[in-house]
Amino acid sequence: MTGAASWSFSESDFKQIQTQLQAFLREANARCALLVDRTGQLVATVGETPAFDPMAFASLTAADFSANDQLAKMIGEAEFASLVHQGEKESMFLADVAKRLILVVLFDQRTTLGLVKLKGKTAVEQLNKIFAAMFNRVGAGPAAPAKGLLEGAEDEIDKLFG
Amino acid sequence: MSMINYASREINCKLVYYGPGLGGKTTNLEHIYSKVAPNSRGKMISLATETERTLFFDFLPVDLGTIRGFKTRFHLYTVPGQVYYNASRKLILKGVDGLVFVADSQIERMEANVESMQNLYDNVAEYGYDLTKIPFVIQYNKRDLPNAAPVKDLQASLNPGWPIEDPALQKPVPDPVHPGQMAVSLVSGQWTGRAPYTEAVAIRGDGVFDTLKAVSKMVLKTLS
């Protein structure tokens, strides 16, 4: 690989992911679920609209997860597949999805960590399937290039930068 | 790793500002933050120590405009420059689409520049990326200081060029930043590539947007 590979997803992929996450939120009685890719980009948000800046949140989530990944390796674990940050009122549960994404669940006292973890496990399995199918379909696996999207748009690119 | 979201019609790309400690990486982002219209940028996050040294990263999302109906959103990151923080520095490089190396022009910082550049090569190689093939711009910062080294000395130390062995790429390519200069040229019988460079005084904002434009344009061109 000469550089970082791109990936893309279609509207139908997006709908499938949303449907899955909405079902999970209902079952777990959690407030909000975000799907973030490991490089810190926000992929989807479902449930209550967060009051914070979701992009900043996504970048911190990815950093948090990556840092913990390294900590796991240092103590001889292959990974921490999930993490929990528990607050007095608000808590978050983070779980790995397809080794490329992170599911972040925000929940409060209306539910329990146990229920979120239990339902989260099933949701992660379902999301893994969706992403595996998505990566297979695009052919080159998770690193499918997005090259060509802006083909012939050189003039537009030049114009953008004056 | 640019991410294309066809549902929200967005192209998201990741740019990382690398370089030695106190070289001006955070200052670059702060200037961009202060000049970009609030509706075209997000919140700037800085994970810094009490003395304002970057501990993990700074983060700033910026919208640069629309191409083919897609909003182009660049996520700008800095890394901690201090040698000590290599473990966290490496994490930030994951999925990078374009790199800016912010070099400190001061003669006294030459060794720190070289060490940081070597560290960048090592860290990107660990991810399997090739620095000679991904969008990469070198910014010589602090050009206003009396002890700034001449650009040609900085170029010789930090950007000496790399041999181009692929016959298909052995052709002259103009430097995208400096008209009249070459990014790929024949040097003493060997085809050689060089990263484009910019000159800056980030604290005044000079050259900051030139650098951002140069690298983001290179990133978008990889999608065309």
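The values are calculated or read from the model by the stated rules, or taken from the named source; none is laboratory data. This structure is a prediction, so every number in the text was calculated from the model and none was measured. Methodologically, a virtual Cβ is constructed for each residue, glycine included, from the backbone with ideal geometry; neighbour enumeration extends over all protein chains shown. Surface areas here come from the heavy atoms of the whole protein model, side chains and all, with no ligands, DNA or RNA. Shrake-Rupley method; radii C 1.70, N 1.55, O 1.52, S 1.80 Å.
Checking each residue in segment B:105-128 for being in contact with a strand residue (DSSP E or B) (Cβ under 9 Å, 6 or more places away or on another chain) and either at positive phi or surrounded by 17 or more Cβ atoms within 10 Å (Cβ to Cβ) (or both) picks out B:Ser105, B:Gln106, B:Arg109, B:Met110, B:Ala112, B:Asn113, B:Ser116, B:Met117, B:Asn119, B:Leu120, B:Asn123, B:Val124. For segment B:196-224, filtering for residues that are over 20 Å from B:Met117 (Cβ atoms), out of contact with any helix residue (DSSP H, G or I) (no Cβ under 7 Å at 6 or more places or on another chain) and open to solvent by 20 Å² or more (accessible area, probe 1.4 Å) leaves 6. Scanning for something surrounded by fewer than 18 Cβ atoms within 10 Å (Cβ to Cβ) and more than 23 Å from A:Met55 (Cβ to Cβ), does segment B:86-103 turn up at least one residue? Yes: one or more hits.
Scanning segment B:63-93 for residues that are without any contact (Cβ under 8 Å) to a residue 60 or more places away in the chain and assigned to a loop (DSSP other than H, G, I, E, B), we see that the one that is farthest from the other protein chains (Cβ to nearest Cβ) is B:Pro80. Within segment B:19-29, not a single residue is of a type in the set (S, T, N, Q), without any contact (Cβ under 8 Å) to a residue 60 or more places away in the chain, open to solvent by 20 Å² or more (accessible area, probe 1.4 Å) and within 14 Å of chain A (Cβ to nearest Cβ). What number of residues within segment A:79-128 are over 17 Å from A:Arg31 (Cβ atoms) and part of a loop (DSSP other than H, G, I, E, B)? The total comes to 6.
Which of the residues belonging to segment B:156-195 are part of a loop (DSSP other than H, G, I, E, B), at pLDDT 90 or above, open to solvent by 30 Å² or more (accessible area, probe 1.4 Å) and among the polar types (S, T, N, Q)? Across segment B:156-195, the qualifying residue is only B:Gln170. Residues that are more than 19 Å from B:Asn123 (Cα to Cα) and open to solvent by less than 10 Å² (accessible area, probe 1.4 Å) within segment B:1-16 comprise B:Ser2, B:Met3, B:Ile4, B:Asn5, B:Ile11, B:Asn12, B:Cys13, listed in sequence order.
All of B:Val114, B:Val124, B:Val96, B:Val100 fail the test of being of a type in the set (Val, Ile, Thr) and assigned to a loop (DSSP other than H, G, I, E, B), apart from B:Val96. Which condition number does A:Lys159 fail, the rest of (1) at pLDDT below 85; (2) basic (Lys, Arg); (3) under 29 Å from A:Lys15 (Cβ atoms) being met? Among (1) at pLDDT below 85; (2) basic (Lys, Arg); (3) under 29 Å from A:Lys15 (Cβ atoms), A:Lys159 violates only (3).
Scanning segment A:40-59 for residues being of a type in the set (S, T, N, Q) and either part of a helix (DSSP H, G or I) or at positive phi (or both) gives a total of 1.
Look at segment B:162-187: where a residue is closer than 24 Å to B:Tyr140 by Cα and a partner is part of a helix (DSSP H, G or I), sitting 6+ places away or on another chain with Cβ atoms under 6 Å, you get B:Val177/B:Ala214.
Of the candidates B:Asp144, B:Asp153, the single residue that is acidic (Asp, Glu), open to solvent by 20 Å² or more (accessible area, probe 1.4 Å) and either in contact with a His (Cβ under 9 Å, 6 or more places away or on another chain) or not in a loop (DSSP other than H, G, I, E, B) (or both) is B:Asp153. When you check B:Gln139 against the structure, is it in a helix (DSSP H, G or I) and either away from chain A (no Cβ under 14 Å) or open to solvent by 70 Å² or more (accessible area, probe 1.4 Å) (or both), yes or no? Spelling it out, it is not the case that B:Gln139 is in a helix (DSSP H, G or I) and either away from chain A (no Cβ under 14 Å) or open to solvent by 70 Å² or more (accessible area, probe 1.4 Å) (or both).
Could you list, in sequence order, all residues of segment A:7-56 that are within 11 Å of chain B (Cβ to nearest Cβ), open to solvent by 10 Å² or more (accessible area, probe 1.4 Å) and either touching a Cys at 6+ places or on another chain (Cβ under 9 Å) or hydrophobic (A, V, I, L, M, F, W, C) (or both)? Once the filter is applied, which keeps residues that are within 11 Å of chain B (Cβ to nearest Cβ), open to solvent by 10 Å² or more (accessible area, probe 1.4 Å) and either touching a Cys at 6+ places or on another chain (Cβ under 9 Å) or hydrophobic (A, V, I, L, M, F, W, C) (or both), segment A:7-56 yields A:Phe14, A:Leu42, A:Thr45, A:Phe52, A:Met55.
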